[in-house]
Amino acid sequence: MLVTGKEILQDAHKKGYAVGAFNVNNMEIVQAIIQAAEETNSPVILQASQGGLKYAGVEYIAAMAKVAAEKAKVPVAIHLDHGTDFTQIVKCIRNGFTSVMIDGSKHPFEENIAVTKKVVEIAHAAGVSVEAELGKIGGTEDDITVDEKDATFTDPDEAEKFVKETGVDYLAIAIGTAHGPYKGEPKLDFDRLKTIKERLNMPLVLHGSSGVPEESIKKAVSLGINKINIDTDIRLAFNGAVRDFVKNNPDVYDPRKILGPAREAMKEVIKGKMTIFGSVDRA
Ligand SMILES: O=C(COP(=O)(O)O)N(O)CCCCOP(=O)(O)O
Ligand SMILES: [Ca+2]
Ligand code: NA
Ligand SMILES: [Zn+2]
């Protein structure tokens, strides 16, 4: 059933587990996520970046996600990932998204507060939950490339002030993760996470989670991460399955036969994530 992001993440926060937020760009990815969620009885967040909305069209993404959520036997939220454009955010709200991220992390602190407050006001008036970001998460997101040295970690004092002044429902924090594949092994600042959780006592979001070792993810969940963003690992599963299939079946040209195995491969990867995150049988 279709629910808000807050409904899903408040439960995760209270019970100490995390829910996967998986990026969708086409029908097969939506179906893989929902099949994985129903087979493991997990709540789940379908999310689209601005790049994904540009590729498919917000109406298509919203239509697929809404029918998926309404038919699903588990709670499903529909979330805008890394929203930076106010008009785009309102368009998603008008199209039935139940959660939106305003990523003001590239602005100075006070301006991040200002833009975030504006989105919280309109989203909450429409019954939609809000995610914001404090601290810069590395890697490329929506064409904003924040390379490692600029990626600054979230300051607990600032986080406390930020949440008090904006009223956001959940906060994306920077503790050492980055979008895209990792060159070396990411070192997460668990002490910082622990401090932020104690200060904020609210759902927290981990971006750049593909490629983070399973043990680190489990430790982050135990310390208070409740929403975990995954895109790259889905892309890799899709890519591997399609390339394998076309290599072994050079004469097959039916898109259903080429994309079907990719849907299956993505589903298996996503089920694995739900097990690690602890969302299995939480629906
Ligand atoms: O935190 C994450 C995922 O991190 P990951 O790359 O570790 O999976 N996300 O927020 C997904 C970001 C996707 C944006 O990419 P496009 O602009 O190309 O659509
Ligand atoms: Ca950002
Ligand atoms: Na990553
Ligand atoms: Zn992200």
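Could you work out the relative contact order of segment 5-277, using alpha carbon pairs under 8 angstrom and six or more residues apart, expressed as a whole percent? List each step's numbers first, then the result.
On the way: 530 pairs, mean separation 56.9, N = 273.
In percent, rounded to a whole number, it is 21.
I want to verify the translational diffusion coefficient of segment 1-136 in µm²/s; compute it with Stokes-Einstein, Rh as the Kirkwood radius over Cα pairs, at 25 °C and 0.890 mPa s. Mind dumping the intermediate values first?
Working: Rh = 14.9 Å.
The estimated diffusion coefficient comes to 164 µm²/s.
Nearest 10 degrees, 0 to 90: what angle lies between the long axis of helix 255-277 and the longest principal axis of the chain (Cα atoms)?
Taking Cα atoms only, the helix is inclined about 40 degrees.
Going toward the positive end of the dipole of the chain, with +1 on Lys and Arg Cβ and -1 on Asp and Glu Cβ, which of Ile225, Thr87, Thr195 do you reach last?
Ile225
Just to confirm the number: angle between the C-alpha axis of helix 58-71 and the first principal axis of the chain, 0 to 90 degrees, nearest 10?
Between the helix axis and the principal axis of the chain, the angle is about 80 degrees.
If you filter segment 159-252 for GluC sites (Glu not before Pro), then keep DSSP loop positions with at most 14 other Cβ within 10 Å, what is left?
none
Compute the angle between helix 156-166 and the longest alpha-carbon principal axis of the chain, please, reported from 0 to 90 degrees and rounded to the nearest 10.
Helix 156-166 sits roughly 90 degrees off the main axis of the chain.
Nearest 5 percent is fine: what portion of the DSSP beta bridges confined to the chain is antiparallel?
10 percent
Using Stokes-Einstein with the Kirkwood hydrodynamic radius over Cα pairs, what translational diffusion coefficient do you get for the chain at 20 °C and a viscosity of 1.002 mPa s, in µm²/s rounded to a whole number? Can you show the working numbers first?
Numbers: Rh = 18.7 Å.
Stokes-Einstein gives a translational diffusion coefficient of 115 µm²/s.
Could you tell me which trypsin sites (Lys or Arg not before Pro) in segment 1-90 are loop residues by DSSP with no more than 15 other beta carbons within 10 angstrom of their beta carbon?
Numbers: sites: Lys6, Lys14, Lys15, Lys54, Lys66, Lys71, Lys73; in loops: Lys73.
Taking segment 1-90 and a limit of 15 other Cβ atoms within 10 Å, the loop trypsin sites (Lys or Arg not before Pro) found are Lys73.
What is segment 59-99's relative contact order, in percent, from Cα pairs under 8 angstrom and six or more apart in sequence?
This gives 46 percent for segment 59-99.
Give the Rg (one decimal place) followed by the Dmax (whole number) of segment 211-283, computed from C-alpha coordinates and expressed in Å.
15.5, 51
Readers should treat all values here as calculations from the given coordinates under stated rules, not as data from a laboratory. Just so you know, these numbers come straight off a predicted model, no measurement behind them. All Cβ positions, glycine included, derive from the backbone under ideal geometry; neighbour counts span all protein chains shown.
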